[in-house]
Amino acid sequence: MTIRPLVILPDPLLRQVSKPVERVDDDLRKFADDMLETMYDAPGIGLAAIQVGEPLRMLVLDVSEKDEPKNPQVFINPEIVSRSDEPNVHEEGCLSIPDYYAEVERPARVTVKYIDLEGKERLVEADGILATCLQHEIDHLNGVLFIDYLSKLKRDMVVRKFKKLAKDRQPARMVG
Ligand code: K2U
Ligand code: ZN
């Protein structure tokens, strides 16, 4: 398994709409393993394929508590098929927007249709942190980031900060 480099804001790749997975095969299963290893190493509780540079509609997550056994889950071509009217607010962060956190309101419960790593179609009714994480990751597959739910003022501030960080990381240009 391989830990993949994370795509960090303001990389335009994060705004790309990912393409549906066409075949569930061993290569995809190997990639899902790499995504899980990358997620655990970060550490995070979810990861979308675009965050490691692959515009594929696949996400991984593990919302198990620290004192519980690991429970890695893989969602291929996930679709939200229903949302509760009841909202829930949760503090969110993002591995592609490191060290920035903000409260985001989302539907408290969602039903998600997806394909599992055996190629079987499944349906999950999610609430709590699983619902938040699934919506956060499925947003990534559509090029949407959690900062898009903040005010324009806050969002522009975050983007400006990460554009400066990226500029400061650039290697010094040779002059002359
Ligand atoms: O997509 C990602 O960047 C992974 C996120 C997933 C996530 C964000 C917010 C809420 C639930 C899941 C990372 O795991 S960031 C870790 C995290 C989790 C909860 C709150 C703050 C940070
Ligand atoms: Zn994220």
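Please give the strands (runs of 3 or more DSSP E) falling wholly within the range 19-134 in which 2 or more residues are open to solvent by less than 90 Å² (accessible area, probe 1.4 Å) and within 16 Å of ligand 2 (Cβ to nearest atom).
Hits in the range 19-134: 46-48, 58-61, 73-83, 87-94, 97-107.
Can you tell me which residue is least open to solvent (accessible area, probe 1.4 Å) among those in the range 135-158 that are farther than 23 Å from Glu54 by Cβ and touching a helix residue (DSSP H, G or I) at 6+ places or on another chain (Cβ under 8 Å)?
Val158
Could you check the range 97-133 and list, in sequence order, the residues that are within 24 Å of Asn71 (Cα to Cα) and touching a helix residue (DSSP H, G or I) at 6+ places or on another chain (Cβ under 6 Å)?
Hits for the range 97-133 are Arg106, Arg109, Val110, Val112, Leu117, Ala126.
Return the pair list, or none, for Cβ contacts closer than 6 Å from residues in the range 121-150 that are within 18 Å of Pro10 (Cα to Cα) to residues that are open to solvent by 30 Å² or more (accessible area, probe 1.4 Å), at least 6 apart or on different chains.
Listed by first residue and then by second, the contacts come to Leu141/Arg57; Asn142/Val17; Gly143/Arg15; Gly143/Gln16; Gly143/Val17; Ile147/Arg155.
The values are calculated or read from the model by the stated rules, or taken from the named source; none is laboratory data. The shown structure was predicted, so the numbers you read here are calculated from the model rather than taken from an experiment. A quick note on method: Cβ atoms are made from the backbone with ideal geometry, for glycine too, and the neighbour counts reach across all protein chains shown. To get the accessible areas, we keep the full protein, side chains included, count just its heavy atoms, and leave off ligands, DNA and RNA. Shrake-Rupley method; radii C 1.70, N 1.55, O 1.52, S 1.80 Å.
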